[in-house]
1. For region 186-206: of the residues being within 13 Å of the ligand (Cβ to nearest atom) and either part of a loop (DSSP other than H, G, I, E, B) or of a type in the set (S, T, N, Q) (or both), which is surrounded by the most Cβ atoms within 10 Å (Cβ to Cβ)?
2. The conditions are (1) within 19 Å of the chain's Cα centre (by Cα); (2) not aliphatic (A, V, I, L, M); (3) not assigned by TED's automatic domain parsing to the domain that holds Leu158, and Ser261 fails exactly one of them. Which is it?
3. Which ones in region 243-286 are among the aromatic types (Phe, Trp, Tyr) and within 14 Å of the ligand (Cβ to nearest atom)?
4. Just a yes or no: is a residue in region 151-167 closer than 30 Å to Ala307 by Cβ and within 16 Å of the ligand (Cβ to nearest atom)?
5. Name the residues in region 184-210 that are farther than 15 Å from Ser288 by Cβ and modelled with pLDDT under 95, would you?
Amino acid sequence: MDLFNHIQIGYLVIQSQKLDEWQRFFHDGIGLHEAERTGERLAYRFDRHERRIMVEKGKAEDISALGIHVQSDEAMKEVLQRLSAKAIPVTATSGKSAVKRGVHSYYSFKGPKGLTLELYRSPILSEKPLNMKVSGIVTGDSGMGHLAITSRTPEIMLGFWHEIFDARISDYIDEKIAGVELDITFLRFNERHHSIAVASTKGVRLDPIRTQAQHVNLVADTMDDLVGAFRRLKQLGFEMAHEIGQHPNDKELSFYVITPSGFEWELGFDALKVNENDWAVERFKGISLWGHKPQKSGLVNFLKVNAINFINGIKSLAGKEYSPF
Ligand SMILES: [Fe+2]
């Protein structure tokens, strides 16, 4: 079966020691509904799903798992068959550990770059009213936001998303980010223009990003939501990696803010949905039509960011990038 339109990004798990800062980030800044707050764990929701984002206490300062919502039993069977055919070991989890993810049960396996992917069929739903500073976050048939992942072996990573989940290529962008020339491929699983973007350096393949994702994205319902969150986050002292601007491919307006764990978070508005009947794959020059200027400009900051990314890039050459097949 073709899994297109049966796959959505469903939830995200972050591991960090900085729970207080993450609470300020998601609740006070972005303005999401706080579903749980203890010394060990934070959880947020923004639709009927009881949980969409979890922050667990731990040392990684990174994304530790990505939940993938599989839309039918048939589709789940198909994904599991494909994993089994590739001899990828899968672990089934249910009970309390699954409830902490806001799902009844899930199957996990080690995905590209070692990121844990968790496949689930049915989320735990809540009818409790939302208490948020934003009016809404786009989910529904589009699933939740997207992830941009850097890779030293983009052909292998793109192959993984295509062969296991029937991801389609939406378009490409050539860009220079933080001093590195990148080739970015945008993948969709459904109407959302992209759920995964894979970025690779041109020439010598380095991975300049320490974390599993260079950024994670959510799309807000209104322009007021975007501007409100932008102003709140700035007021709370979070640094904007890129202030408000617009992408040429999905036409989304967005800003990128630096999270407590160091990777970037993009909040967007008004991203186009792909019409499968007349979509043409294009290659764009530059990630932004306009805007997306760094808050901290100047040579010192430029060199600081580039030096960190350069060191990460050199370090990345030491080992082989993990791929499940
Ligand atoms: Fe993005």
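1. His194
2. The failed condition is (3).
3. Phe255, Tyr256, Phe263, Trp265, Phe269, Phe284
4. yes
5. Listed by number, the residues that qualify are Ser200, Thr201, Lys202, Gly203, Val204, Arg205, Leu206, Asp207, Pro208, Ile209, Arg210.
The values are calculated or read from the model by the stated rules, or taken from the named source; none is laboratory data. What you are looking at is a predicted structure, and each value in this text was computed from that prediction instead of being measured. Note that each Cβ is placed from the backbone with ideal geometry, even for glycine, and that neighbours are counted across all protein chains shown.
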